[in-house]
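Okay, structure first, notes after.
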Amino acid sequence: MKPVLAVVAFLGIVATFVAMGTPQGPVAWCHFPPGQWDGSRLTSPVQIIELDPSGVNGHKRHAGDGPVDNQPSFPPGFQTGLGPDCSGCGMATATPPSGGTAVQLMKQDGKCVCPPGTSIGNMPFPLNVPTGTSPNLSCGTLQ
């Protein structure tokens, strides 16, 4: 009887660790409908859908698709979030008086630009494009 209890206890522990590493509910997913992908997240039509984590494998075939937010437990290539506008523009640094802080870049006219509220983001397009090279992009200072 003791070996059976030990196996049951072990399986319970394994199940707990698996559940902790998997998102529990639907995740916001950037979905680029098949046939509408033009090769760029900046210009292709996109829908944000609620996707159960079990549906990720079915969407891996869709060019451009990915989670809105970072999902470390997802398969490689689908762990980094594409951002709230699904552009995949990533992050840049803006410097407040007390040091640097990360800001989410956004898409505008087919380019990744700094958000309003930063010294570069407050400029008109195309002057609102971050400076530097990835991964060291800058949006200037917070305003």
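Rule-based calculations on the coordinates, nothing more; no lab input. Here the structure is a predicted model, which is why all the values come from computation and not from measurement.
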Taking one equal scatterer on every alpha-carbon of region 50-97, how large is log10 of I(q)/I(0) by Debye at q = 0.17, 0.18, 0.26, 0.30 1/Å?
-0.52, -0.57, -1.03, -1.27
Would you kindly state how much longer the chain becomes between THR80 and THR141 on full extension, computed as 0.36 nm times their sequence separation minus their alpha carbon distance, in nm to one decimal?
19.4 nm
Once you keep just the Cα pairs under 8 angstrom separated by 6 or more residues, what percentage relative contact order results for region 91-141?
36
